[in-house]
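Asks: Okay, handing you the structure first.
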Amino acid sequence: MADKGEVCPILSLELNSRLHHNLEAEMRIYRPFLAAAAMLMICSIVSYADNIANHTVTVQVDVINELEISGGNITLTISTATAGQNPDDATNNTCGLQWTTNEATKKITVVTDQSSPNFTLKVVATGVTGGTAAAEATLSSTVADDFVTGISTTLGSCTVGYTAQATAAQGNGSVVHTVTYTLTAG
């Protein structure tokens, strides 16, 4: 006699056979549906691929050369002297110059609109970043002097130092200079 937990081997074989037969029959019924479902999935993937679009994006950077002076208009007043000497110089270091360039080999020049001023006006760049200070320039003609050299693809700045000078023999009065800075090929 068989244990309660055991199944008769003949019954077990027949059960397996029937299950196998039923599974095959059901697979025959569901096989077309499974094939159709697989085709739908493939078609949806292909259909999704048709919904893709692309284009190109070009980034263009043009030549940039920007120059700005800060500090506004200034007045240099010569009002003192030591007896027996020429008047004392007047100085101002409150202006600044900033620049941006994406080109190589540039410089900044400085020029006045006064071709023969009565009094001397000098200018020098100090605390320069992004270039090299040129020597102090005496603005006495309409020919541009180098102010900052060695500028190349950089951001830069400097302090602008002005000095006004006069002799006793030059008398008194005033001269208004329009001082122009230019970022140019160097």
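The values are calculated or read from the model by the stated rules, or taken from the named source; none is laboratory data. Since this is a predicted model, take the numbers as computed values, not measurements. With ideal geometry, Cβ positions are generated from the backbone for all residues, glycine too; neighbour counts draw on all protein chains shown. Heavy atoms of the whole protein, side chains included, go into the accessibility calculation; ligands, DNA and RNA do not. Shrake-Rupley method; radii C 1.70, N 1.55, O 1.52, S 1.80 Å.
Asks: State the number of residues belonging to segment 172-185 that are aliphatic (A, V, I, L, M), out of contact with any Ser or Thr (no Cβ under 6 Å at 6 or more places or on another chain) and either surrounded by 13 or more Cβ atoms within 10 Å (Cβ to Cβ) or assigned to a strand (DSSP E or B) (or both).
Replies: Of the residues in that region, 3 qualify.
Asks: Going through Thr159, Thr126, Thr149, Thr163 one at a time, which residue ends up being in contact (Cβ under 8 Å) with a residue 60 or more places away in the chain and in contact with a Gly (Cβ under 8 Å, 6 or more places away or on another chain)?
Replies: Thr159
Asks: Ok, one more. Working only within segment 129-138, note down all residues that are in a strand (DSSP E or B), open to solvent by 40 Å² or more (accessible area, probe 1.4 Å) and within 25 Å of Thr75 (Cβ to Cβ). Walk me through how you get there before you give the answer.
Replies: Applying the first criterion (in a strand (DSSP E or B)) to segment 129-138 yields 129, 132-133, 137-138.
Cutting the leftovers down to open to solvent by 40 Å² or more (accessible area, probe 1.4 Å) gives us 129, 132-133, 138.
Hits for segment 129-138 are Ala133, Thr138.
Asks: Out of all the residues in segment 72-118, which are assigned to a strand (DSSP E or B), more than 25 Å from the chain's Cα centre (by Cα) and either in contact (Cβ under 8 Å) with a residue 60 or more places away in the chain or loosely packed, with under 12 Cβ neighbours inside 10 Å (or both)?
Replies: Step one: list which residues in segment 72-118 are assigned to a strand (DSSP E or B), which gives 81, 87, 90-101, 106-112.
Now narrow it down to the ones that are more than 25 Å from the chain's Cα centre (by Cα): 81, 87, 90-94, 110-112.
Ala81, Pro87, Ala90, Thr91, Asn92, Asn93, Val110, Val111, Thr112 - these are the residues of segment 72-118 that are assigned to a strand (DSSP E or B), more than 25 Å from the chain's Cα centre (by Cα) and either in contact (Cβ under 8 Å) with a residue 60 or more places away in the chain or loosely packed, with under 12 Cβ neighbours inside 10 Å (or both).
Asks: Within segment 139-157, track down each residue that is surrounded by fewer than 20 Cβ atoms within 10 Å (Cβ to Cβ) and of a type in the set (A, V, I, L, M, F, W, C).
Replies: The answer is Val143, Ala144, Leu155.
Asks: Related question: The conditions are (1) in a helix (DSSP H, G or I); (2) open to solvent by less than 60 Å² (accessible area, probe 1.4 Å); (3) not β-branched (Val, Ile, Thr), and Ala169 fails exactly one of them. Which is it?
Replies: Single failed check for Ala169: (2).
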